[in-house]
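What follows is one structure encoded as structure tokens, with my remarks underneath.
Nothing in this text is a laboratory measurement; each read-out follows from the coordinates by a stated rule. Since this is a predicted model, take the numbers as computed values, not measurements. Here Cβ is always computed from backbone atoms with ideal geometry, including for glycine, and neighbour counts include all displayed protein chains.
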Amino acid sequence: MTANIRKIIVQVDEIHLEMGQPVSPPTRRALAMAVIANPFAGVYQENLDELISMGEELGALLGKKCVEALGILPAQAQSYGKAAIVGEAGELEHAAAILHPKLGAPLRLAVEKGAALVPSSKKRGGLGTAIDVPLGHKDAAFVRSHFDAMEARVADAPRANEIVVAVVVTDSGRPLPRVGGLQIHEIRGEDGLR
């Protein structure tokens, strides 16, 4: 089934200065969110395959929108993450279904490769509820410079019968990283860890 999308929001966060130090090139994170109708709002549904299919559709759409917003080639994407907020007439498992690993496959295509797990978070809330979208390097989970998050919020969502689905893609890690760990040039990208 195709997701019934009420609205899509795309934004880019670009950091040029951190603690008075120039960040060059700037670190950039793109957030794409879709506000969708929850077909199971107010009812218990044992089989959530419909939401899982919607997640797959949204992984492709939102991943592509993030890459386009950054103005980069898919191969230039460095980290990613996903999150969902379900409205009060839904249940947390609805957010989990949307964020099912089937969302990850088309997101990985949008960012070219993506050997690492896509970090995720989920919650229930009302209008304007914020959620942090956790981030990790797309090919190597042990790259500490890319452990980050970006806040996602829609002022008029989720309504009781809606779900906000968010994807973040970056073209860099945190600004001025210096806590060690695996470095970008050391990534093998074979097992999703290193």
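Using the Karplus curve 6.51 cos²θ - 1.76 cosθ + 1.60 with θ = phi - 60°, work out ³J(HN,Hα) for each residue of segment 30-42 in order, rounded to whole Hz, and write x for Gly and Pro.
Along segment 30-42, the couplings run 10, 10, 10, 10, 10, 9, 10, 6, 9, x, 10, 4, x Hz.
Just how many pairs of Lys in the chain have C-alpha atoms closer than 20 Å, counting pairs that are eight or more places apart or on different chains?
24
Of V164, G20, P134, which is farthest along the charge dipole of segment 5-186 in the positive direction, counting Lys and Arg as +1 and Asp and Glu as -1 at C-beta?
G20
Report the FRET efficiency, 1/(1 + (r/R0)^6), for E112 and D191, where r is their Cβ-Cβ distance and R0 is 25 Å, rounded to 0.05.
0.90
Could you give me the ³J(HN,Hα) list for segment 163-169, computed from phi with Karplus coefficients 6.51, -1.76, 1.60 and θ = phi - 60°, whole Hz, x at Gly and Pro?
So the J values, rounded to whole Hz, are 9, 9, 10, 10, 10, 10, 10.
Relative to the first principal axis of the alpha-carbon coordinates of the chain, what is the inclination of helix 101-111, with its axis defined by its Cα atoms, in degrees from 0 to 90 and to the nearest 10?
Between the helix axis and the principal axis of the chain, the angle is about 40 degrees.
Compute, for segment 5-186, the length of the dipole vector about the Cα centre, with Cβ point charges of +1 (Lys, Arg) and -1 (Asp, Glu) only. Units Debye, rounded to 20.
300 debye
Could you list which residues have their amide H under 5 Å from that of K7, counting only those 5 or more apart in sequence or on another chain, with H placed in the peptide plane?
HN-HN under 5 Å from K7: V35.
Please give the Cα centre distance for segment 72-134 versus segment 1-56, rounded to the nearest Å.
Each part reduced to its Cα centre gives a spacing of 7 Å.
Restricting to segment 61-194, what percent of DSSP beta bridges are antiparallel, rounded to 5?
Of the beta bridges lying entirely in segment 61-194, close to 75 percent run antiparallel.
Can you tell me the orientation of helix 49-70 relative to the chain, as the angle in degrees between its alpha-carbon axis and the longest Cα principal axis, to the nearest 10?
40 degrees
Any idea what the alpha-carbon Rg over 2.2 N^0.38 Å comes to for segment 32-177?
Its radius of gyration relative to the 2.2 N^0.38 Å reference: 1.00.
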